[in-house]
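Below you'll find the structure, written out as structure tokens, and then a few comments.
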There are 2 protein chains.
Amino acid sequence: MKNVTIYEIAEAAGVSASTVSRVINNKPGVKKATKKRVLECLEEHHFSPNETARGLVNQSSKMIGILISDMRTTHHTDGIYYIQREFSRLGYGCLIMNTGYDDADRAHYIQLMNQRRIEAAVLIGSTFQSDLVKDAIEQYLPKIPVIIANGYIDLPNVYGVIADERGGVERCVDLLRRKGYRYPAFAANRETPSNHLKMQGFCDGVRRCFPDREPLVLVTGSEQAEIEGAVNRLFEEHPQTDSVVFSEDPMAAICIRTLHDCGIDVPGQVGVIGINNSFIAEICNPSLTSLDNMLLDLSVAAARSLIDVLQGRHVVKKMMVYSRLVERESTQRDASE
Amino acid sequence: MKNVTIYEIAEAAGVSASTVSRVINNKPGVKKATKKRVLECLEEHHFSPNETARGLVNQSSKMIGILISDMRTTHHTDGIYYIQREFSRLGYGCLIMNTGYDDADRAHYIQLMNQRRIEAAVLIGSTFQSDLVKDAIEQYLPKIPVIIANGYIDLPNVYGVIADERGGVERCVDLLRRKGYRYPAFAANRETPSNHLKMQGFCDGVRRCFPDREPLVLVTGSEQAEIEGAVNRLFEEHPQTDSVVFSEDPMAAICIRTLHDCGIDVPGQVGVIGINNSFIAEICNPSLTSLDNMLLDLSVAAARSLIDVLQGRHVVKKMMVYSRLVERESTQRDASE
DNA sequence: TTGTATGCGTTATCAG
DNA sequence: CTGATAACGCATACAA
């Protein structure tokens, strides 16, 4: 019960395989009548062309590869979704792989992508900015366009669109000062290039807004218990702390919960800011002020660029999408105190 | 700068292409020495086999297809993640497509999957239980194993593992009664087979726990504003309502926010239950009692089944994963009132 | 142990 | 307008 081939169609229609091929691909130079006949046979036999064979002869897989560390990190799924939809529209399939955070594994996945002869690749996340990944791209994907969402690698075939994390977080500090907070801290879940930029932005802001202060920065881990623990420790060891910027909304949400359970008022006693402006920011109580780093716009830009490259248009190699600070209740207090 | 082929390797190593092929595939009958020489050339030329060509000759794409309505619905990404990882381990690539909710589109995507000659398919979500999808499977994927996560279609090559939504929601009603709530309502975001089962479970529960009561059920839409509106309307039109079960956690979270803004106490005046036991349930304030329908376990079971089928083992055609009710603060009141 | 020839399903290049 | 024929890159039966 294998799939029917153009030869069987050809036989059924009393023509040659080439004619069938021409009909399938809407090529000119086929008599109306025969075309109609072939079309009928195609329909009747439920023919659907073998893309594998097509890919072989056309030297084109009509597939793009999407690499992501872990697609369960929700703030990236919007991007994948968008990219998949756009490329689907153009007849491309999307091979999606979760690489994890180990660079050697990633190199392996990049090789796999090459074996599938993908025509372009999207790497999602700043953590793909590493030497091993760079080497792997040079070795396995040197000729196809590669775009990094929220990152950049300096190679001829690599494009990047990055978020304005540093500037965005710096503006978070501005906001905190405007609201009367005096002792801000910054907490990241893990060490990533992206989080590093956020830390830098935070330090920039603190040094500018509170020149006498040493920026207080911590790395917590991603588990709920770790974050709760870190928050508790933070307020024990630095009781003067009156505001925290978190590298991701969920962390901020957990912080709000934790403080609430300790009887600490947000935003009255402590101001909290998250990053990504995700759904969680809306449903927090108090709702969460969050830095929207425009991850979706970023993916949109990435997809557009990639499509442009594939269609031979000139494309900016590296660009930045500006972020936007969305104020909500978690920083809403008078600048009085 | 095309990719190097086995012929070029053959030439470089001074052997024939078939020998190279044998080495690559670790087939027996190659002299140690030549094998070593070939291996060196392979390494040196950065050879990586063209999976497209392999697929053509082997009649196997080494790809599975994953169809999902919208991967932004977070409670499904865990499943995709797991499935991708398991199949990756076996050397399979995952072609992932977001189909949307239109059945005709889905049929189209199923055809696309066939063109790529995927070796198995995973359909994620109860909404794939439709006649058009069934027809499409019969027509385009009649011979490869297809598994539906949280659904089932009666076809020889289709397997299904479903969640115990009906029983689970019925137990939610039990819990509410035990906690002293008397006027429960149920709200779903949209009409899906899965939500339908939940509604039925709710009705079962109400009829058993409160025989004199007519079950109160509403469909709200998925947007935040729609849900807020529905909640407000619910308590206007049915002021006696003292508890609500929502088809998804985020809806419940929004409800908690909305009630809080109206000065209605949860769980004191109103009990709230969500479904999926997602991250949101933990960070709600009050934290959210939620029915864990074991979506991850469900995906695990689905992946296992699919792998078993592919490896020729016998597999249960249809199975159910039991749900688990996780009590948190949003229903935590004494049964007094 | 190795090489030759053939085919996988399709498209493209020629002739006719 | 249509039909042979040769690729595409690899694997395999068969010969040597």
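Which is under 20 Å from B:Phe87 (Cβ atoms), at the interface with chain B (Cβ under 10 Å from one of its Cβ atoms) and touching a residue at least 24 places away in the same chain (Cβ under 8 Å), of A:Arg106, A:Arg116?
One residue alone meets the criteria, A:Arg116.
Got a number for residues in segment A:1-37 being part of a helix (DSSP H, G or I), among the aliphatic types (A, V, I, L, M) and more than 14 Å from chain B (Cβ to nearest Cβ)?
So the count comes out to 8.
Output the residues belonging to segment B:254-283 that are farther than 20 Å from B:Ala188 by Cα and small (Gly, Ala, Ser).
Correct list: B:Gly263, B:Gly268.
How many residues does segment B:51-65 hold that are more than 7 Å from every other protein chain (Cβ to nearest Cβ) and farther than 17 Å from B:Pro145 by Cβ?
Summing the residues that are more than 7 Å from every other protein chain (Cβ to nearest Cβ) and farther than 17 Å from B:Pro145 by Cβ in segment B:51-65 gives 3.
Going through segment A:66-76 one residue at a time, which ones are more than 9 Å from chain B (Cβ to nearest Cβ), assigned to a strand (DSSP E or B) and free of Cβ contacts under 8 Å to residues at least 60 places away in the same chain?
Residue satisfying the conditions is A:Ile68 alone.
When B:Tyr81 is evaluated against the numbered criteria (1) aromatic (Phe, Trp, Tyr); (2) over 12 Å from B:Ser299 (Cα atoms); (3) touching a strand residue (DSSP E or B) at 6+ places or on another chain (Cβ under 8 Å), which criterion, by number, is the only one it fails?
(2)
B:Tyr81 passes all but one of (1) closer than 30 Å to A:Gly91 by Cβ; (2) more than 9 Å from every other protein chain (Cβ to nearest Cβ); which number fails?
For B:Tyr81, the failing item is (2).
Has segment B:229-239 got at least one residue that is among the hydrophobic types (A, V, I, L, M, F, W, C) and either within 14 Å of chain A (Cβ to nearest Cβ) or farther than 16 Å from B:Asn189 by Cα (or both)?
yes
Working only within segment B:35-58, note down all residues that are within 9 Å of DNA strand C (Cβ to nearest atom), crowded, with 19+ Cβ neighbours inside 10 Å and closer than 10 Å to B:Ala13 by Cα.
B:Val38
Quick check, is B:Gly100 under 39 Å from the mean Cα position of the chain (by Cα), under 30 Å from B:Leu123 (Cβ atoms) and within 12 Å of DNA strand C (Cβ to nearest atom)?
no
Can you tell me how many residues within segment B:12-34 are surrounded by fewer than 19 Cβ atoms within 10 Å (Cβ to Cβ), of a type outside the set (S, T, N, Q) and within 9 Å of DNA strand D (Cβ to nearest atom)?
The total comes to 5.
Which condition does A:Ser243 not pass, out of (1) out of contact with any His (no Cβ under 7 Å at 6 or more places or on another chain); (2) crowded, with 20+ Cβ neighbours inside 10 Å; (3) within 14 Å of chain B (Cβ to nearest Cβ), if it passes all the others?
Unmet condition: (3).
Read the figures in this text as sums done on the coordinates, not as results from a lab. Here the structure is a predicted model, which means the values were calculated and not measured. Cβ coordinates were reconstructed from backbone atoms using ideal geometry, including for glycine residues, and neighbour counts include every protein chain displayed.
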